[in-house]
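Asks: I have a structure here, written as structure tokens, and I will follow up with some questions on it.
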Amino acid sequence: MSEQPTSTAKKQNESNPLVGIIMGSESDLEIMKGAAEMLRQFEVEPELTIVSAHRTPERLRDYAIKAKARGIKVIIAGAGGAAHLPGMVAANTILPVIGVPVKSSNSIDGWDSMLSILQMPYGVPVATVALNGAKNAGILAAQILALHDTSIAGKLEAYKEYQDDIVMESVKNVKRLGYTNEFDK
Ligand code: AIR
């Protein structure tokens, strides 16, 4: 499937993005762009910018407070190390927040980012994906939008079928290599 947005989808979403992707630093972009790439596969063009919980605390609060009124439906927030961005955004909005722990240059081993995002206190949920799991964050955001958008839902169904096809190709490949299994007989 193509990772580039169609021109129609791009135009529609540029003026009124439904998903906001934010990250603590430009150094997170290599991972976080995966969320944008996945969303584009479902013809959802997100907005993407840098917001740091520690370096730009006022920008964080401003972004979180204004997001809903701007028409954003889901926020994907990624950060590394002492990763307080997703949690603090969730503290300031009722929009669903998907947190992406990034294994950054200042991470000890990734667990610092993981636990900072995962262990939210009761009352302020963040849906945390795997370490560097920005692509899944993109899919999850599309799934949330699909609750009220049949076009996105259809593209998600097609994506599921596509994944099935890929695995079934692999099943044939390993069979060709001489590995048998009783299950497929
Ligand atoms: N970070 C930036 N502000 C607050 C946090 N937690 C994170 C970024 C990045 C890491 O610090 O999300 O993963 C390192 O950032 P930099 O800019 O030093 O490369």
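Asks: So which of K172, K185, K155, K135 ends up being on the phi < 0 side of the Ramachandran plot and not in a helix (DSSP H, G or I)? Step through it out loud before you land on a result.
Replies: Values: K172 fails: not in a helix (DSSP H, G or I); K155 fails: not in a helix (DSSP H, G or I); K135 fails: not in a helix (DSSP H, G or I).
Of the residues listed, the single one that is on the phi < 0 side of the Ramachandran plot and not in a helix (DSSP H, G or I) is K185.
Asks: So I65 fits all but one of (1) under 23 Å from M114 (Cβ atoms); (2) more than 15 Å from the ligand (Cβ to nearest atom); what number is the exception?
Replies: It is condition (1) that I65 fails.
Asks: Scanning for something of a type outside the set (S, T, Y) and closer than 15 Å to S27 by Cα, does region 91-101 turn up at least one residue?
Replies: Yes: one or more hits.
Asks: If you go through region 117-134 one residue at a time, do you hit one that is within 14 Å of V19 (Cα to Cα), surrounded by 21 or more Cβ atoms within 10 Å (Cβ to Cβ) and touching a residue at least 60 places away in the same chain (Cβ under 8 Å)?
Replies: Yes, some residue in region 117-134 is within 14 Å of V19 (Cα to Cα), surrounded by 21 or more Cβ atoms within 10 Å (Cβ to Cβ) and touching a residue at least 60 places away in the same chain (Cβ under 8 Å).
Asks: Going by the structure shown, is N132 away from the ligand (no atom under 14 Å from the Cβ) and at pLDDT 95 or above?
Replies: Details: away from the ligand (no atom under 14 Å from the Cβ): no; at pLDDT 95 or above: yes.
In short, no.
Asks: Within the group I50, I72, which residue is more than 9 Å from the ligand (Cβ to nearest atom) and touching a Gly at 6+ places or on another chain (Cβ under 9 Å)?
Replies: Step by step, each of I50, I72 is checked, and only I72 is more than 9 Å from the ligand (Cβ to nearest atom) and touching a Gly at 6+ places or on another chain (Cβ under 9 Å).
Asks: Among (1) at positive phi; (2) within 16 Å of the ligand (Cβ to nearest atom), there is one condition S27 misses while meeting the rest; what is its number?
Replies: Condition (1) is where S27 drops out.
Asks: Do we have P86 as under 18 Å from P46 (Cα atoms), touching a helix residue (DSSP H, G or I) at 6+ places or on another chain (Cβ under 6 Å), within 12 Å of the ligand (Cβ to nearest atom) and of a type outside the set (K, R) here?
Replies: When the stated conditions are applied, P86 passes them.
Asks: Follow-up. Kindly evaluate L140 against the criterion of being of a type outside the set (G, A, S), touching a residue at least 12 places away in the same chain (Cβ under 8 Å) and out of contact with any Cys (no Cβ under 6 Å at 6 or more places or on another chain).
Replies: Yes.
Table: residues versus (1) touching a strand residue (DSSP E or B) at 6+ places or on another chain (Cβ under 8 Å); (2) surrounded by fewer than 24 Cβ atoms within 10 Å (Cβ to Cβ); (3) free of Cβ contacts under 8 Å to residues at least 60 places away in the same chain.
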{"site": "V19", "(1), (2), (3)": "yes, no, no"}
{"site": "M23", "(1), (2), (3)": "yes, no, no"}
{"site": "E26", "(1), (2), (3)": "yes, yes, yes"}
{"site": "I31", "(1), (2), (3)": "yes, yes, no"}
{"site": "L39", "(1), (2), (3)": "yes, no, no"}
{"site": "E45", "(1), (2), (3)": "no, yes, yes"}
{"site": "T49", "(1), (2), (3)": "yes, yes, yes"}
{"site": "A53", "(1), (2), (3)": "yes, yes, yes"}
{"site": "E58", "(1), (2), (3)": "no, yes, yes"}
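Asks: Restricting region 89-102 to residues that are free of Cβ contacts under 8 Å to residues at least 60 places away in the same chain and within 12 Å of the ligand (Cβ to nearest atom), which is nearest to the chain's Cα centre (by Cα)?
Replies: Here the answer is G99.
Asks: Kindly provide the set of residues from region 14-60 that are of a type in the set (G, A, S) and part of a loop (DSSP other than H, G, I, E, B), ordered by number.
Replies: Residues satisfying the conditions are G24, S25, S52, A53.
The values are calculated or read from the model by the stated rules, or taken from the named source; none is laboratory data. In this text, all values refer to a predicted model and were calculated from it rather than measured experimentally. Virtual Cβ from ideal backbone geometry, glycine too; neighbours counted across all protein chains shown.
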